[in-house]
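Let me begin by presenting the structure, written as structure tokens, before commenting on it.
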Amino acid sequence: MIKVVVAGAAGRMGREVCKAVLSEPDMSLVGAVDVSSVGSDVGELLGRGALDMTITDKLQTCLKEKSAQVMVDFTHPSAVMKNVRIALKCGVHAVVGTTGMSEIDLAEIKSLAKDGPANVVVAPNFAIGAVLMMKFSEIAAKYLPDVEIIELHHNQKADAPSGTALKTAQLIAGKRSKETPPNLVEKEVVKGVRGGKTEDIHIHSVRLPGLVAHQEVIFGGVGQTLTIRHDSIDRSSFMPGVLMAIREVGRRRGLTYGLDKLMEL
Ligand code: NAP
């Protein structure tokens, strides 16, 4: 039985993770941490009747008292690093879905986790279909180097662009045979209208109520375009990937970045 503590348990993703863990026969939800809804019964938050487990804001105490083996973090870019440091200090593996971490943050996690005993899996997108979208984009980039990314999310998302868009751009950049030549004359009449640029790729971030998490990668070639699109229409789409990471994190030494590594793509 894998003993799991969820950080951000009262949030949109955290609640979905709690439900998913509760329904797995080889996992046990032993703790729920959040800075919101402290003292509320987790079962009632999930709409399934009292579970006799309340939300606490004391991560370290919770990990220790419940002998947790895995902490899952879906909190906030401003909170995630502190939580990961605490988990590693307690010898608890971490599965991190929170986005908005910097290269410096990832380097710190890599260094903290390199000698064990606890490992970390960080995935900017736990949806298996989104990982395949990134892989297909990587393949297409070799043949169609001209590309732009449009990512679309709900309007409560804290970071922009999405971690998935950034990761997609990195993967494409690693496979592109050439940098795209800049347009000769391009005047932005409205500032920012061409989106932001990373890895010499334009990224456009759309934020609207009603959306969950969506991305289009549009490749342009001579007389043709290729659009690769993925839609997470419900947060349950992320759960098979999160459960895979919970099961795998104990076996993967140090930092594993990206669900693609666990899927062995
Ligand atoms: P959310 O609904 O705002 O939930 C986050 C929860 O964490 C909130 O209840 C928040 O409380 C709480 N929190 C903030 N600081 C905390 C701390 N120090 N300790 C414990 N809990 C804390 O957000 P969400 O939509 O679930 O998204 C959470 C994160 O997951 C975001 O970074 C999002 O981009 C990411 N995400 C990743 C994936 C993936 O596949 N990797 C998929 C979807 C979302 P307050 O509301 O009081 O701040």
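Quick notes on this structure:
- When His76 is tested against the conditions (1) in contact with a helix residue (DSSP H, G or I) (Cβ under 7 Å, 6 or more places away or on another chain); (2) within 22 Å of Ser237 (Cβ to Cβ), the lone failure is (1).
- Taking every residue in region 105-118 that is in the same structural domain as His93 (by TED's automatic domain parsing) and pairing it with any residue that is outside any helix (DSSP H, G or I) and charged (D, E, K, R), at least 6 positions away or on another chain, the pairs with Cβ-Cβ distances below 9 Å are Ala113/Arg253; Lys114/Arg253; Gly116/Arg253.
- Scanning region 92-105 for residues that are more than 14 Å from the chain's Cα centre (by Cα) and either closer than 11 Å to Val120 by Cα or among the acidic types (Asp, Glu) (or both) gives Val92, His93, Glu103, Asp105.
- Of all the listed residues (Asp52, Asp73), the sole one being surrounded by fewer than 16 Cβ atoms within 10 Å (Cβ to Cβ) and assigned by TED's automatic domain parsing to the domain that holds Glu16 is Asp52.
- Condition check for Lys58: touching a residue at least 40 places away in the same chain (Cβ under 8 Å), open to solvent by 40 Å² or more (accessible area, probe 1.4 Å) and among the charged types (D, E, K, R): no
- Single unsatisfied condition, Leu29 versus (1) away from the ligand (no atom under 12 Å from the Cβ); (2) farther than 28 Å from Arg251 by Cα; (3) of a type in the set (A, V, I, L, M, F, W, C): (2)
Residue-wise test of (1) surrounded by fewer than 23 Cβ atoms within 10 Å (Cβ to Cβ); (2) away from the ligand (no atom under 12 Å from the Cβ).
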| position | (1), (2) |
| --- | --- |
| Val96 | no, no |
| Gly100 | yes, no |
| Glu108 | yes, yes |
| Val120 | no, yes |
| Gly129 | yes, no |
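- Scan of region 85-94 for residues that are more than 11 Å from the ligand (Cβ to nearest atom) and open to solvent by less than 60 Å² (accessible area, probe 1.4 Å), ordered by number: Ala87, Leu88, Cys90, Gly91, Val92, His93, Ala94
- Unique match (being out of contact with any Gly (no Cβ under 6 Å at 6 or more places or on another chain) and modelled with pLDDT of 95 or more) among Thr75, Thr54, Thr61: Thr61
- When residues in region 132-163 are screened for being within 25 Å of Glu264 (Cα to Cα) and among the hydrophobic types (A, V, I, L, M, F, W, C), 9 of them pass.
The values are calculated or read from the model by the stated rules, or taken from the named source; none is laboratory data. None of these values were measured; they are calculated from a predicted model. Positions of Cβ are generated from backbone atoms using ideal geometry, with glycine treated the same way; all protein chains shown enter the neighbour counts. Accessible surface is based on the protein model in full, side chains and every heavy atom, while ligands, DNA and RNA are left aside. Shrake-Rupley method; radii C 1.70, N 1.55, O 1.52, S 1.80 Å.
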